[in-house]
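Nothing in this text is a laboratory measurement; each read-out follows from the coordinates by a stated rule. Remember, predicted model here, so these are calculated numbers, not experimental data. Here the Cβ is made from the backbone with ideal geometry for all residues, glycine too, and neighbour counts use every protein chain on show.
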Amino acid sequence: MIEVNQGNSPLVLGLPHTGTDVPPEIWETLNETGQALADTDWHIHDLYAGLVDNITTVRTPVHRYVIDVNRDPAGVSLYPGQNTTTLCPTTDFDGLPIYREGMEPDEAEITRRRDTYHAPYHAALEAELQRVKDIHEFAVLYDCHSIRSHIPFLFDGVLPDFNIGTNLGETCAPRVESETYEICKKAEGYTHILNGRFKGGWTTRHYGRPADNLHAIQMELAQSTYMTEAAPWDYLPARADALRVHLSDILTLLKQWSPA
């Protein structure tokens, strides 16, 4: 179920939200809004494909409406006091219900989904981080995300193009943060922010332990940088290729980075 491609460099890419698979028994409980799957991180696995060699990727094909593998399995909010979605979302990013009336998952169903989909993803991710750490004595996790650039329910205004999250510098060594930020800052024609609306999800915060030689950083891209932001969510090759130049620079940096 979990798609793992192994490399032997210290860099591991997490791909938690690119999947569109929804089991039939869950699909039938979603309403028309839910079945649109609008909150997918569309094309992200294609956007990053082939940028650098010898890196590891871990991807779940299951859609975030089944369960969001970038949320705390205990259901604790990442952003207390702000609008966000939950471990098993019942609304979309616009705050609209995604389930048919009365068909939202109960606690038993949430537990089942956590065991079936959330736990295996993180078991695979943790295993790969440990594997490359055993080789190099450290590992770097780069968590790949994207989102529509304008979602009033979640944030005001228009989202910057590059949204770097390190939970205010807690999840990685300072140079991982600063050197990634410098690449984004120098990318002509793009906007950027560090630890703005997106400070890193549960994955980044959970695995990012610099004292243990585990470094994690999240990149949330505005989808306007590489695709159309409405159905049918078309990938725009020319726009994407321009962005891939900068993403390649970031991954090359992180692949070659060393704490020494």
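Of Ala238, Thr91, Leu154, which is farthest along the charge dipole of the chain in the positive direction, counting Lys and Arg as +1 and Asp and Glu as -1 at C-beta?
The one lying farthest along the dipole's positive direction is Ala238.
Kindly put Lys133, Lys199 in sequence by how many other C-beta atoms sit within 10 Å of each C-beta, fewest to most. Intermediate results must be reported in sequence, preceding the final value.
Values: Lys133 17, Lys199 22.
Lowest count first: Lys133, Lys199.
For Thr191 and Asn5, calculate 0.36 nm times their separation in residues minus their Cα-Cα distance, and state this gained length in nm to one decimal.
Numbers: separation 186, 0.36 × 186 = 66.96 nm, distance 3.11 nm.
Additional length available on full extension: 63.8 nm.
Please identify every one of the GluC sites (Glu not before Pro) in the range 177-260 that sits in a loop by DSSP and has no more than 14 other beta carbons within 10 Å of its own beta carbon. Numbers along the way, then the final one.
Numbers: sites: Glu177, Glu179, Glu182, Glu188, Glu220, Glu229; in loops: Glu188, Glu229.
Qualifying residues, ordered by number: Glu188.
Spin-label point model (7 Å from Cα, Cβ direction): what's the Thr20 to Thr84 distance in nm?
Reported label-point gap for Thr20 and Thr84 is 2.8 nm.
For Asp106 and Val245, compute 0.36 nm times the residue count separating them, minus their Cα-Cα distance, and round to one decimal in nm. Working shown, then result.
On the way: separation 139, 0.36 × 139 = 50.04 nm, distance 4.44 nm.
Full extension of this stretch gives 45.6 nm more.
Cα centroid distance between the range 158-183 and the range 55-103, in Å?
23 Å
For the range 84-135, which GluC sites (Glu not before Pro) are in a loop by DSSP, counting at most 12 other Cβ atoms within 10 Å?
Details: sites: Glu101, Glu107, Glu109, Glu126, Glu128; in loops: Glu101.
When the GluC sites (Glu not before Pro) of the range 84-135 are filtered for loop state and at most 12 Cβ neighbours within 10 Å, Glu101 remain.
Using the Cα centre as the reference, give the magnitude of the dipole from point charges on the C-beta atoms of the chain (Lys, Arg: +1; Asp, Glu: -1; all else neutral), rounded to the nearest 20 debye. Working shown, then result.
Details: 20 positive and 37 negative charges, 137 e Å.
Dipole about the Cα centre, nearest 20: 660 debye.
Sort Leu168, Leu159, Leu141 by Cβ crowding within 10 Å, fewest neighbours at the top. The partial results should precede the final answer.
Details: Leu168 11, Leu159 24, Leu141 28.
Lowest to highest Cβ neighbour count: Leu168, Leu159, Leu141.
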